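The values are calculated or read from the model by the stated rules, or taken from the named source; none is laboratory data. Every value quoted in this text rests on a predicted model; they were computed, and no experiment measured them. Glycine gets a Cβ as well: all are built from the backbone with ideal geometry, and neighbour counts include every protein chain shown.
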Amino acid sequence: MSKNSHLGHQAKKRFGQNFLHNEAIISDIVDAINPEPGENLVEIGPGLGALTEPVIDRAGQLSVIELDRDLAHRLRHHPFLAPKLTIYEEDALKFDFAQLASDEKPLRIFGNLPYNISTPLIFHLLTFKDKVKDMHFMLQKEVVQRMASGENCKAYGRLSIMTQYQCQVIPVMEIGPEAFKPAPKVDSAIVRLVPHKTIKNPVKDINSLNKVCLAAFNQRRKTIRNSFKKLISVEQLTELGIDPGLRPENLALADFVMLANFVTDNPVELDDE
(Lines give C-alpha, C1' and ligand atoms only; values in the text may rest on other atoms or scores of the structure.)
Protein backbone atom coordinates (compact mmCIF):
# COMPACT_ATOMS: atom_id res chain seq x y z
CA MET A 1 0.00 0.00 0.00
CA SER A 2 1.22 3.51 -0.82
CA LYS A 3 2.83 5.43 2.05
CA ASN A 4 0.43 8.24 1.13
CA SER A 5 -2.62 6.01 1.59
CA HIS A 6 -4.41 5.68 4.93
CA LEU A 7 -7.60 3.73 5.67
CA GLY A 8 -8.10 3.21 1.95
CA HIS A 9 -7.86 6.90 1.05
CA GLN A 10 -5.05 8.29 -1.08
CA ALA A 11 -3.88 11.62 0.40
CA LYS A 12 -4.28 14.49 -2.06
CA LYS A 13 -1.37 16.88 -2.16
CA ARG A 14 -3.46 19.78 -3.49
CA PHE A 15 -5.55 19.65 -0.29
CA GLY A 16 -2.49 19.42 1.95
CA GLN A 17 -3.75 16.16 3.48
CA ASN A 18 -1.80 14.57 6.33
CA PHE A 19 -3.90 12.22 8.45
CA LEU A 20 -3.42 11.75 12.18
CA HIS A 21 -3.14 8.12 13.22
CA ASN A 22 -1.45 8.12 16.65
CA GLU A 23 -4.18 7.21 19.13
CA ALA A 24 -2.41 8.63 22.19
CA ILE A 25 -1.91 12.00 20.50
CA ILE A 26 -5.48 12.03 19.21
CA SER A 27 -6.68 11.44 22.77
CA ASP A 28 -4.50 14.29 24.08
CA ILE A 29 -5.86 16.66 21.44
CA VAL A 30 -9.48 15.79 22.23
CA ASP A 31 -8.73 16.28 25.93
CA ALA A 32 -7.36 19.74 25.10
CA ILE A 33 -10.51 20.61 23.16
CA ASN A 34 -12.70 19.13 25.93
CA PRO A 35 -15.93 18.89 23.89
CA GLU A 36 -19.19 18.62 25.82
CA PRO A 37 -22.81 17.80 24.87
CA GLY A 38 -24.84 20.74 23.64
CA GLU A 39 -21.87 22.78 22.45
CA ASN A 40 -21.74 24.32 18.98
CA LEU A 41 -18.72 22.39 17.69
CA VAL A 42 -17.36 22.83 14.16
CA GLU A 43 -14.51 20.83 12.64
CA ILE A 44 -12.58 22.10 9.64
CA GLY A 45 -11.24 19.31 7.44
CA PRO A 46 -12.45 16.18 9.28
CA GLY A 47 -10.62 14.00 6.77
CA LEU A 48 -10.85 10.36 7.82
CA GLY A 49 -12.42 11.19 11.16
CA ALA A 50 -9.45 10.82 13.52
CA LEU A 51 -10.73 13.70 15.68
CA THR A 52 -14.34 13.58 14.48
CA GLU A 53 -15.17 10.23 16.05
CA PRO A 54 -13.83 10.85 19.59
CA VAL A 55 -15.33 14.36 19.63
CA ILE A 56 -18.75 12.97 18.68
CA ASP A 57 -18.36 10.32 21.37
CA ARG A 58 -18.17 13.13 23.92
CA ALA A 59 -20.41 15.79 22.37
CA GLY A 60 -23.03 13.78 20.50
CA GLN A 61 -23.15 15.95 17.38
CA LEU A 62 -20.87 18.01 15.18
CA SER A 63 -20.80 20.25 12.11
CA VAL A 64 -17.94 19.60 9.68
CA ILE A 65 -16.57 21.48 6.68
CA GLU A 66 -14.87 19.26 4.11
CA LEU A 67 -13.79 20.33 0.62
CA ASP A 68 -12.69 16.89 -0.60
CA ARG A 69 -15.79 15.33 -2.17
CA ASP A 70 -14.48 11.80 -1.63
CA LEU A 71 -14.05 12.38 2.09
CA ALA A 72 -17.40 14.18 2.37
CA HIS A 73 -19.06 11.20 0.63
CA ARG A 74 -17.31 8.83 3.01
CA LEU A 75 -18.62 10.75 6.03
CA ARG A 76 -22.15 10.93 4.63
CA HIS A 77 -22.23 7.15 4.40
CA HIS A 78 -20.43 6.37 7.65
CA PRO A 79 -22.64 3.89 9.56
CA PHE A 80 -22.07 5.47 12.98
CA LEU A 81 -20.99 9.07 12.38
CA ALA A 82 -23.35 10.16 9.58
CA PRO A 83 -26.51 10.58 11.74
CA LYS A 84 -24.60 12.84 14.15
CA LEU A 85 -22.92 15.02 11.51
CA THR A 86 -24.00 18.12 9.63
CA ILE A 87 -21.69 18.14 6.60
CA TYR A 88 -20.83 21.25 4.58
CA GLU A 89 -18.97 20.30 1.42
CA GLU A 90 -17.39 23.72 0.98
CA ASP A 91 -14.11 25.62 1.04
CA ALA A 92 -13.39 26.80 4.61
CA LEU A 93 -11.55 29.83 3.19
CA LYS A 94 -14.85 31.08 1.76
CA PHE A 95 -17.24 29.64 4.33
CA ASP A 96 -19.55 31.96 6.30
CA PHE A 97 -19.04 30.66 9.83
CA ALA A 98 -21.53 33.21 11.19
CA GLN A 99 -24.37 31.09 9.78
CA LEU A 100 -23.58 28.37 12.33
CA ALA A 101 -23.42 30.62 15.39
CA SER A 102 -25.96 32.07 17.78
CA ASP A 103 -25.76 34.27 20.87
CA GLU A 104 -26.68 31.29 23.01
CA LYS A 105 -24.25 28.93 21.32
CA PRO A 106 -20.95 30.51 20.23
CA LEU A 107 -18.74 28.42 17.99
CA ARG A 108 -16.03 26.07 19.18
CA ILE A 109 -13.94 25.48 16.05
CA PHE A 110 -11.16 22.91 15.71
CA GLY A 111 -9.25 21.01 13.06
CA ASN A 112 -6.05 19.70 11.57
CA LEU A 113 -5.66 22.56 9.10
CA PRO A 114 -3.97 22.14 5.72
CA TYR A 115 -0.60 23.81 6.23
CA ASN A 116 -0.60 25.34 2.76
CA ILE A 117 -3.60 27.57 3.59
CA SER A 118 -3.30 27.88 7.37
CA THR A 119 -2.37 31.58 7.59
CA PRO A 120 -5.09 32.93 5.24
CA LEU A 121 -7.58 30.59 6.92
CA ILE A 122 -6.68 31.95 10.37
CA PHE A 123 -7.20 35.51 9.09
CA HIS A 124 -10.57 34.48 7.63
CA LEU A 125 -11.65 32.88 10.91
CA LEU A 126 -10.64 35.95 12.90
CA THR A 127 -13.30 37.95 11.06
CA PHE A 128 -15.86 35.80 12.92
CA LYS A 129 -14.20 36.12 16.33
CA ASP A 130 -17.28 37.73 17.91
CA LYS A 131 -19.18 34.50 17.23
CA VAL A 132 -16.45 32.22 18.60
CA LYS A 133 -15.82 30.86 22.10
CA ASP A 134 -12.50 29.22 21.23
CA MET A 135 -10.51 27.53 18.47
CA HIS A 136 -8.06 24.63 18.58
CA PHE A 137 -5.91 23.98 15.53
CA MET A 138 -3.15 21.69 14.43
CA LEU A 139 -0.68 23.85 12.54
CA GLN A 140 2.90 23.83 11.43
CA LYS A 141 4.99 24.39 14.58
CA GLU A 142 6.62 27.45 13.02
CA VAL A 143 3.20 29.07 12.49
CA VAL A 144 2.24 28.54 16.14
CA GLN A 145 5.57 30.06 17.19
CA ARG A 146 4.85 33.09 15.01
CA MET A 147 1.37 33.45 16.49
CA ALA A 148 2.65 33.37 20.08
CA SER A 149 5.84 35.38 19.59
CA GLY A 150 6.45 38.73 21.29
CA GLU A 151 8.46 41.72 20.13
CA ASN A 152 12.26 41.56 19.73
CA CYS A 153 12.00 38.06 18.28
CA LYS A 154 12.57 36.89 14.69
CA ALA A 155 9.26 35.01 14.67
CA TYR A 156 7.33 38.18 15.57
CA GLY A 157 5.38 39.70 12.71
CA ARG A 158 2.00 40.46 11.19
CA LEU A 159 0.52 37.11 12.21
CA SER A 160 1.66 37.63 15.83
CA ILE A 161 0.14 41.10 16.07
CA MET A 162 -3.14 40.45 14.27
CA THR A 163 -3.75 37.24 16.22
CA GLN A 164 -2.72 38.53 19.66
CA TYR A 165 -4.71 41.73 19.20
CA GLN A 166 -7.87 39.65 18.74
CA CYS A 167 -7.18 36.50 20.79
CA GLN A 168 -5.33 34.95 23.66
CA VAL A 169 -2.80 32.63 22.00
CA ILE A 170 -1.96 29.47 23.96
CA PRO A 171 0.44 26.86 22.51
CA VAL A 172 -0.83 23.49 23.80
CA MET A 173 1.46 20.71 22.56
CA GLU A 174 4.00 19.81 19.88
CA ILE A 175 3.66 16.81 17.58
CA GLY A 176 6.27 15.08 15.43
CA PRO A 177 5.83 14.04 11.79
CA GLU A 178 5.54 10.33 12.68
CA ALA A 179 2.02 10.92 14.06
CA PHE A 180 0.72 11.44 10.50
CA LYS A 181 0.26 9.54 7.26
CA PRO A 182 1.83 10.67 5.04
CA ALA A 183 4.41 12.17 7.41
CA PRO A 184 4.90 15.91 6.79
CA LYS A 185 8.41 17.32 6.50
CA VAL A 186 7.85 19.67 9.44
CA ASP A 187 6.95 19.48 13.11
CA SER A 188 3.41 20.38 14.10
CA ALA A 189 1.77 21.96 17.13
CA ILE A 190 -1.67 22.51 18.64
CA VAL A 191 -2.67 26.07 19.48
CA ARG A 192 -5.68 27.33 21.43
CA LEU A 193 -7.11 30.71 20.40
CA VAL A 194 -9.57 32.40 22.76
CA PRO A 195 -11.05 35.63 21.37
CA HIS A 196 -10.82 38.55 23.79
CA LYS A 197 -14.25 39.42 25.20
CA THR A 198 -13.16 43.04 25.42
CA ILE A 199 -10.10 44.73 23.96
CA LYS A 200 -8.63 47.23 26.42
CA ASN A 201 -6.94 49.35 23.78
CA PRO A 202 -9.02 48.92 20.62
CA VAL A 203 -8.00 50.18 17.21
CA LYS A 204 -10.34 52.56 15.42
CA ASP A 205 -10.13 50.42 12.27
CA ILE A 206 -8.82 46.84 12.15
CA ASN A 207 -7.94 47.38 8.47
CA SER A 208 -5.51 50.12 9.48
CA LEU A 209 -3.78 47.72 11.86
CA ASN A 210 -3.42 45.21 9.04
CA LYS A 211 -2.14 47.95 6.69
CA VAL A 212 0.50 49.06 9.21
CA CYS A 213 1.60 45.46 9.79
CA LEU A 214 1.90 44.80 6.06
CA ALA A 215 4.01 47.93 5.59
CA ALA A 216 6.19 47.07 8.59
CA PHE A 217 6.95 43.44 7.83
CA ASN A 218 6.98 43.41 4.03
CA GLN A 219 10.73 43.99 4.28
CA ARG A 220 11.33 43.36 7.95
CA ARG A 221 15.05 44.25 7.95
CA LYS A 222 14.27 47.84 7.03
CA THR A 223 14.08 50.43 9.79
CA ILE A 224 10.70 51.89 10.68
CA ARG A 225 11.77 55.14 9.02
CA ASN A 226 11.85 53.32 5.67
CA SER A 227 9.01 50.84 6.25
CA PHE A 228 6.50 53.57 7.02
CA LYS A 229 7.73 56.36 4.75
CA LYS A 230 4.56 56.22 2.62
CA LEU A 231 2.29 56.25 5.68
CA ILE A 232 4.00 58.26 8.42
CA SER A 233 6.85 60.78 8.31
CA VAL A 234 9.94 60.63 10.51
CA GLU A 235 8.72 63.75 12.30
CA GLN A 236 5.35 62.17 12.99
CA LEU A 237 6.97 58.97 14.30
CA THR A 238 9.08 61.07 16.66
CA GLU A 239 6.01 62.97 17.84
CA LEU A 240 4.37 59.61 18.62
CA GLY A 241 7.38 58.68 20.74
CA ILE A 242 8.67 56.02 18.36
CA ASP A 243 12.35 55.85 17.38
CA PRO A 244 12.49 55.84 13.54
CA GLY A 245 15.75 53.88 13.72
CA LEU A 246 14.11 50.80 15.25
CA ARG A 247 13.07 47.78 13.21
CA PRO A 248 9.42 46.64 13.12
CA GLU A 249 10.10 43.62 15.35
CA ASN A 250 11.17 46.03 18.13
CA LEU A 251 7.68 47.54 18.43
CA ALA A 252 5.13 46.20 20.90
CA LEU A 253 1.52 45.43 20.04
CA ALA A 254 0.46 48.69 21.74
CA ASP A 255 2.79 50.62 19.42
CA PHE A 256 1.16 49.08 16.36
CA VAL A 257 -2.28 49.98 17.73
CA MET A 258 -1.13 53.58 18.17
CA LEU A 259 0.29 53.67 14.63
CA ALA A 260 -2.91 52.14 13.22
CA ASN A 261 -5.02 54.81 14.92
CA PHE A 262 -2.72 57.52 13.59
CA VAL A 263 -3.09 56.13 10.04
CA THR A 264 -6.88 56.02 10.46
CA ASP A 265 -6.93 59.67 11.53
CA ASN A 266 -4.34 60.76 8.95
CA PRO A 267 -5.03 58.75 5.78
CA VAL A 268 -2.71 59.01 2.82
CA GLU A 269 -3.24 57.95 -0.77
CA LEU A 270 -0.79 55.23 -1.73
CA ASP A 271 0.48 55.07 -5.28
CA ASP A 272 0.00 51.77 -7.06
CA GLU A 273 3.43 50.43 -7.92
Filtering region 230-253 for residues that are among the charged types (D, E, K, R) and surrounded by 15 or more Cβ atoms within 10 Å (Cβ to Cβ) leaves a count of 2
From the option list 24, 32, 72, single residue qualifying as touching a residue at least 60 places away in the same chain (Cβ under 8 Å), part of a helix (DSSP H, G or I) and either surrounded by fewer than 20 Cβ atoms within 10 Å (Cβ to Cβ) or touching a Lys or Arg at 6+ places or on another chain (Cβ under 6 Å) (or both) is 32
Going through region 240-255 in order, the residues found to be part of a loop (DSSP other than H, G, I, E, B) and either more than 22 Å from the chain's Cα centre (by Cα) or among the polar types (S, T, N, Q) (or both) are 240, 241, 242, 243, 244, 245, 246, 247, 251
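Could you tell me whether region 177-190 includes any residue that is out of contact with any helix residue (DSSP H, G or I) (no Cβ under 8 Å at 6 or more places or on another chain) and surrounded by fewer than 13 Cβ atoms within 10 Å (Cβ to Cβ)?
Applying the first criterion (out of contact with any helix residue (DSSP H, G or I) (no Cβ under 8 Å at 6 or more places or on another chain)) to region 177-190 yields 177-178, 180-182.
Of the ones still in play, those that are also surrounded by fewer than 13 Cβ atoms within 10 Å (Cβ to Cβ) are 178.
Yes, that holds for at least one residue.
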Q: State whether one or more residues within region 262-272 are touching a Ser or Thr at 6+ places or on another chain (Cβ under 6 Å) and within 21 Å of residue 166 (Cβ to Cβ).
A: yes
The condition from (1) outside the structural domain of residue 34 (by TED's automatic domain parsing); (2) of a type outside the set (Ser, Thr, Tyr); (3) surrounded by 14 or more Cβ atoms within 10 Å (Cβ to Cβ); (4) in contact (Cβ under 8 Å) with a residue 24 or more places away in the chain that residue 201 misses is numbered (3)
In region 207-224, anything surrounded by 16 or more Cβ atoms within 10 Å (Cβ to Cβ), part of a helix (DSSP H, G or I) and free of Cβ contacts under 8 Å to residues at least 40 places away in the same chain is listed as 215, 224
Of (1) assigned to a strand (DSSP E or B); (2) closer than 30 Å to residue 99 by Cα; (3) in contact with a helix residue (DSSP H, G or I) (Cβ under 7 Å, 6 or more places away or on another chain), residue 173 satisfies every one except (2)
When (1) of a type in the set (A, V, I, L, M, F, W, C); (2) within 14 Å of the chain's Cα centre (by Cα); (3) farther than 24 Å from residue 194 by Cβ are applied to residue 81, the one that fails is (2)
| Given the structure, is residue 101 small (Gly, Ala, Ser), in contact with a strand residue (DSSP E or B) (Cβ under 7 Å, 6 or more places away or on another chain) and modelled with pLDDT of 90 or more? | yes
| query | Does residue 269 satisfy the condition of being acidic (Asp, Glu), at pLDDT below 95 and within 25 Å of residue 147 (Cα to Cα)? | reply | no
